[in-house]
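Colleague: Before I ask anything, here is the structure I am working with.
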Amino acid sequence: MKDWQKMFEKQNDEIEKFDETKQNTAENQKLLKKKFNKLKHKALYIDAEYEETCDIFSHAQSEFISRMFSYCADKKIKSPLESKPKEEGENKKQETSDELKDLYREIVKATHPDKTKDLPEHEIEERKELYHEAVRGKQEGDYWGIFKAALELDVPIKKLSFAYLEELENTINSIEQKMHKMKEDLMYKWYYADERIQASIFEQLTKNQEKYE
């Protein structure tokens, strides 16, 4: 088991002592702050891994599609990629919680031109990109962009709540699931396979394809 997994199991044991009816007490706020700091550390680590996985998957997908069409052209058969159905559940929008709405407003304030005009050019561009990520996250109901922007901008959270931390943890878990899905995708596995396995995959995928006239 990874060290950070052990760390979070221990923290989850501690959070069981949390009393939601008294979440504003100093003791409970201390517990929330401790868990938040650990979630923040994990989130920033996961974000770097997620971006790398996305880059690799995008390249693997491009290589797979290009090579598949070339393979099918040589065999004079139709490519199985010509009509790929959209997966069910894609782009399913979630509800925006009050905590996330507040967080989004704080991001807008932190990235407003009046706040960034005296910053170096590269930092202004970074903040613009974080703002656009937050906007996309809000529009699409994919809140990773909002959380990421808030964490990287170190946006102050007026009052931590158990619901907010639960939402953040669920979002981190969702990103981990997306990474797992990409790494389990056939195109990702094909990309890392040797040439013999790659050819075998193409043969299996195209064995029932129609030939062109």
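Values in this text are rule-based calculations from the coordinates and carry no lab data. Predicted model only: the values in this text are computed from it and were never measured. Ideal geometry is used to build each Cβ from the backbone, glycine not excepted, and the neighbour counts take in all protein chains shown.
Colleague: Estimate the FRET efficiency between residue 78 and residue 186 by the formula 1/(1 + (r/R0)^6), using the beta-carbon distance for r and 25 Å for R0, to the nearest 0.05.
Modeller: 0.85
Colleague: Please give the per residue volume of the convex hull enclosing the alpha carbon atoms of the stretch 87-213, rounded to a whole number of Å³.
Modeller: 195 Å³
Colleague: Suppose each label sits 7 Å from its Cα in the direction of the beta carbon; what would the residue 67-residue 193 distance come out to in nanometres?
Modeller: Placing both labels 7 Å along Cα→Cβ, they lie 0.9 nm apart.
Colleague: If amide hydrogens are placed 1.01 Å from N in the peptide plane, which non-local residues have theirs closer than 5 Å to the one on residue 77?
Modeller: For residue 77, the qualifying residues are 212.
Colleague: If you don't mind, another one. What ranking do 100-109, 51-60 get when scored by the average of other Cβ atoms within 10 Å per residue, highest first?
Modeller: Descending packing order for the listed peptides: 100-109, 51-60.
Colleague: Simple spin-label model, 7 Å along Cα-to-Cβ: residue 36 to residue 129 in nm?
Modeller: 2.7 nm
Colleague: Of 101/178; 38/181; 138/181; 117/183, which sit over 32 Å apart, Cα to Cα?
Modeller: 117/183
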